[in-house]
Amino acid sequence: MAEIILGIERLTKRFGGLTATNDLSLNVEKGEVHAIIGPNGAGKTTLIAQLSGLLAPDSGRILFKGQDITALPAHTRSALGLARSFQVTSIFLNFTAEDNVALAVQAHAGHSFRFVKPARAQAALREPARQALASVGLEHRAAVVAADLSHGEQRQLEIAMAIATNPTLLLLDEPMAGMGPEESTRMVEVLKKFKGTHTLLLIEHDMDAVFKLADRITVLVYGTAIATGTPDAIRANPEVKRAYLGDEA
Amino acid sequence: MAGANVVRTPELRVSLGDPRFVLLAIGAVVLALFPYFGHAWGQTYLVSLVAKMLIFAIAAVSLDLILGYGGMVSFGHAAYIGLGAYAVAVFSKYGVDNGYLQLVAAILGSSLIALFIGAISLRTSGVYFIMITLAFTQMLYYLGISLEPFGGDDGMNTKRSDFSLRALGLDFTLNDNLFVCEKRVDKACKVDDRDGAAIYYAAYIALIASVWFTRRLVASRFGMVIRGAMSNPIRMQAIGFPIYRYRLTAFVLAGAICGVAGFLFANHQQFLSPVYMNWLRSGEIMIMGILGGIGTIYGAVIGAIGLLTVEELLEGYVGKDYWQMVLGPLLVVLVLFANRGVYSLIPHEMRKVPMFVVKFALVIAGMYGFIWLMSKSSPILKIAGNIPHLPLYVIFGSMLVALALRFRQDRRAGHG
């Protein structure tokens with residue numbers, strides 16, 4: 001059995017009467033692309049928020065590389081190698097694309113209590129940033145202010161920022177959100193490049209993309225995993241069909 | 001995303017041919033020579049006034065560091081003016097005039113209090129942050145009022161800090177008549193305040209140093225972190241920055257720089273008053289930044305000089321008791337029309353400079369006309385000014401409106 005990078009054990013999160021994550025257990029193996037699908041309100045984004053440390057679960061544990069990270073703050077999780085992208089594009093709009101990624105590199109290049117040398121002139125930050133931009137195909141847009149990038153490009157920049165932190169595990173919260181078919185295809189190509197070198201936990205609505213990318217898929221309904229398996233197994237699963245694919249896809 | 005509206009932090013590095021560079025260089029040279037001509041023409045009051053502007057420019061620059069680059073809207077920055085001034089007063093009351101010691105105490109004292117205030121207020125954001133910083137400063141203000149040994153409400157006279165190096169065997173004193181004028185024999189030198197130049201140059205050098213330091217700081221790795229935390233704090237945490245400690249450090253650095261301004265201000269006034277820490281003072285420092293242009297550093301200097309000039313004119317023309325009633329609405333109008341501040345209005349190309357100068361002159365003339373008009377309508381103002389505290393309410397309300405206008409614009413642009 002492959003090494004388990006991320007272990008979720010009996011995770012529960014309630015908002016008042018609503019149980020967004022319900023006794024959820026799930027393992028992500030090293031090197032796989034693991035997709036989580038589920039209808040609206042299934043608790044996908046709540047799950048990502050708990051994994052990245054922006055929300056605290058009510059009970060249960062999160063293990064990352066064997067270490068219990070349930071109580072750790074977001075920035076510490078990032079330092080351990082857990083990176084995330086956001087469903088709603090979350091970048092530094094007033095910085096250039098390269099500044100955005102360089103800041104992500106800087107976050108993992110020791111402390112930043114360095115007050116005198118100009119950050120923009122430091123090759124140790126700029127070189128890895130340019131590489132990360134190239135890996136998502138944005139190298140020609142490096143000097144453009146992030147606010148002036150197209151929606152698709154901003155989504156690619158999101159991924160570049162996550163990649164630039166050299167993560168062991170990449171949490172992608174709907175990377176194709178709001179994309180047209182063409183942009184979506186480009187994003188699938190970008191993500192395919194990270195297959196094998198990175199472990200990806202992907203939350204996505206775009207079924208085509210999920211079935212093209214994922215090694216394993218978990219179906220989430222009302223905060224509970226009703227099935228986990230290969231894309232083919234999920235397609236064939238009658239319960240999944242009824243709960244999700246039958247209605248929406 | 002409304003991309004076109006996003007607030008872009010202007011590049012600080014300006015090339016030699018850039019009008020902004022030329023104007024800044026001219027400004028620096030004029031300010032450097034100002035005491036010489038001021039004294040030669042017998043305008044010692046003007047030299048003293050400009051020295052005060054330079055001191056407040058330091059305070060405004062330090063506020064711009066956290067406000068313009070860190071998004072921390074501190075409505076309590078005058079606290080550090082007060083703390084710097086108290087450092088001078090406390091030492092001089094007990095007979096310690098050593099300026100080096102006082103300066104270190106001013107910096108340490110301001111840093112420590114900034115650490116305390118920042119540690120608590122930075123756990124909040126938005127309006128709560130504004131109100132908590134305001135509340136802490138008002139607490140210090142009332143503490144100052146109740147400190148009878150240091151004059152309480154009335155304040156107390158302080159001596160000039162002594163920067164002599166006699167201890168090292170050098171018979172050279174900075175606070176004595178440093179200025180060239182001493183050696184001259186023409187009439188101008190008979191004015192009694194010859195050493196006004198010493199405090200002027202101390203402020204000038206401190207201002208240049210704080211502008212340089214702040215400029216370096218915001219471009220450094222540290223600077224990128226606080227700017228990122230202003231733009232998108234959630235994302236900063238997700239990519240691995242513990243932003244709280246960086247923002248707190250910036251808050252403390254700004255407090256320390258402003259403490260130096262307070263130290264200089266006590267030396268300038270040769271007087272200490274708890275009023276230095278009043279909310280009005282905090283508001284003024286913030287308005288200086290907003291008028292000059294937040295997040296530009298140089299703008300804070302322009303704003304400090306501009307606001308104090310307008311205040312001086314209003315006090316002279318309109319009257320001591322109710323000039324604030326005119327200043328308030330004027331601020332609101334200025335923020336409405338020059339929302340991004342004066343510095344951002346300066347063109348980037350030489351060929352656009354003449355038009356800019358013409359427009360600028362028109363605005364100045366318009367303001368001067370407005371002030372003149374107000375001075376003519378002073379009977380009405382006099383009646384309104386007799387309503388208890390009305391001028392203060394007007395200026396406070398105007399400051400809040402100006403703030404709201406300024407930051408509403410930012411939010412709309414997806415900046416905060």
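Database remark: amide H of A:V221 closer than 5 angstrom to the amide H of A:I226 (H placed geometrically; neighbours at sequence offset of 5 or more, or on other chains; Pro and chain starts carry no H). Each of A:S25 and A:N166 was given a label point 7 Å from its Cα along the Cα-to-Cβ line. The distance between the two points is 3.5 nm. For chain A, a/c is not less than 1.5, where a ≥ b ≥ c are the root eigenvalues of the C-alpha gyration tensor, and a/b tops b/c. That puts it in the prolate class. Rounded to the nearest 500, the helix-only mean residue ellipticity at 222 nm of chain B stands at -23000 deg cm²/dmol, with each DSSP H run of n ≥ 4 adding -39,500 (n - 2.57). Applying 0.36 nm per residue to the separation of B:R123 and B:H348 and subtracting their alpha-carbon distance, the gain on full extension is 77.1 nm.
Distance between the modelled labels on A:A2 and B:F337, one decimal in nanometres: 6.6 nm (7 Å Cα→Cβ projection). For B:K376, a cut-off of 24 angstrom between C-alpha atoms picks up these lysines, skipping any fewer than 8 places away in its own chain: B:K320. Can you spot the lysines whose alpha carbon is less than 30 Å from A:K192's alpha carbon? Ignore those fewer than 8 places along the same chain. Reachable lysines: A:K30, A:K44, A:K65, A:K212, A:K241. Per-residue shielding of A:147-153, expressed as the average number of other chain Cβ atoms within 10 Å of the residue Cβ, stands at 3. Residues in segment B:372-377 carry Karplus couplings, in order, of 4, 4, 5, 5, 6, 9 Hz; the curve used is 6.51 cos²θ - 1.76 cosθ + 1.60 with θ = phi - 60°, and Gly or Pro positions show x.
Take A:A124 and B:A365, extend 7 Å from each Cα along the Cα→Cβ direction, and tell me the distance between the two endpoints in nm. The two pseudo-label positions are separated by 5.7 nm. Name the long-range amide H neighbours of A:R84: under 5 Å, sequence gap of 5 or more, or other chain; modelled H, no Pro or chain starts. It is A:L171, by chain and number. Any idea how far the Cα center of segment B:263-291 sits from the one of segment A:134-192, in Å? If we compute the Cα centre of each part, the gap is 48 Å. Less than 5 angstrom separates the built amide H of A:T96 from those of A:A146, all sequence-distant by 5 or more or on a different chain. Cross-link partners for B:K159 among the lysines, with Cα-Cα distance under 24 Å and sequence neighbours closer than 8 places in the same chain left out: B:K52, B:K93, B:K190.
Computed about the Cα centre, the dipole magnitude for segment B:272-397 is approximately 280 debye when only Lys and Arg (+1) and Asp and Glu (-1) carry charge, each at its Cβ. Rounded to the nearest 0.05, the FRET efficiency derived from the C-beta distance between B:E312 and B:A28 at R0 = 25 Å is 0.70.
Run the numbers on segment A:111-249 and let me know its relative contact order in percent, using alpha-carbon pairs under 8 Å that are six or more apart. Result for segment A:111-249 is 15 percent.
Take peptide B:224-231, look around each residue's Cβ out to 10 angstrom, count Cβ atoms belonging to other protein chains, and average those counts.
For peptide B:224-231, the averaged partner shielding equals 6.
Does the protein assembly as shown come out rounded, prolate or oblate by the C-alpha gyration tensor, with a ≥ b ≥ c the root eigenvalues, rounded set by a/c under 1.5 and, if not, prolate when a/b is larger than b/c and oblate if not? Judged from the Cα gyration tensor, the protein assembly as shown comes out prolate (a/c at least 1.5, a/b above b/c). Relative contact order, whole percent, for segment B:15-412 stands at 27, derived from Cα pairs under 8 Å and 6 or more residues apart. Look at the dipole of segment A:95-249 built from charges on Cβ: of A:L201, A:A236, A:T218, the Cα furthest out on the positive end belongs to A:L201. 3J(HN,Hα) along segment B:347-360, derived from phi through the Karplus expression 6.51 cos²θ - 1.76 cosθ + 1.60 where θ = phi - 60°, amounts to x, 9, 10, 4, 5, 8, 5, x, 4, 4, 4, 4, 4, 4 Hz, with x in place of Gly and Pro. With a 10 Å cut-off around each Cβ of A:103-114, the average count of Cβ atoms from other chains is 6. Placing +1 on the Cβ of every Lys and Arg and -1 on the Cβ of every Asp and Glu, with nothing else charged, gives chain A a dipole about its Cα centre of roughly 620 debye. Estimated at 0.36 nm per residue, the fully extended path between B:W41 and B:K159 surpasses their Cα-Cα distance by 39.7 nm. Among the chymotrypsin sites (Phe, Trp or Tyr not before Pro) within segment B:68-137, those in coil by DSSP and having at most 10 neighbouring Cβ atoms inside 10 Å are B:Y94. Shape annotation for chain B: C-alpha extents along the principal axes are 66, 52, 49 Å, from largest to smallest. One decimal place: the segment B:V96-B:D321 gains 77.3 nm when fully extended, by the rule 0.36 nm per residue minus the C-alpha distance. For segment A:1-93, rounded, prolate or oblate, judged on the Cα gyration tensor with a ≥ b ≥ c (square roots of eigenvalues), a/c < 1.5 rounded, else prolate if a/b > b/c? In terms of gyration-tensor shape, rounded. Our coupling estimate for segment B:52-68, obtained by passing each phi through the Karplus curve with A = 6.51, B = -1.76, C = 1.60 and θ = phi - 60°, is 4, 4, 5, 5, 6, 4, 4, 4, 5, 4, 5, 5, 4, 4, 8, 7, x Hz, Gly and Pro reported as x. Between B:S111, B:L336, B:N98, the Cα set farthest toward the positive side of the dipole of segment B:15-412 (charges on each charged residue's Cβ, about the Cα centre) is that of B:L336. Taken about its Cα centre, segment A:93-166 carries a charge dipole of roughly 260 debye when the Cβ of each Lys and Arg holds +1 and the Cβ of each Asp and Glu holds -1.
Between exposed GluC sites (Glu not before Pro) in chain B, where DSSP calls loop and at most 16 other Cβ atoms lie within 10 Å, what's the longest gap? Longest gap between qualifying sites, sites excluded: B:12-348. Could you give the DSSP H helices of chain A that reach 15 angstrom or more along their long axis (alpha carbon positions) and whose average Kyte-Doolittle hydropathy is no lower than 0.0? In chain A, the long hydrophobic H runs are A:97-107.
Since every read-out is calculated from the coordinates, none of them should be taken as a lab result. Predicted model, so just to flag it, every value in this text is computed and none were measured. Virtual Cβ from ideal backbone geometry, glycine too; neighbours counted across all protein chains shown.
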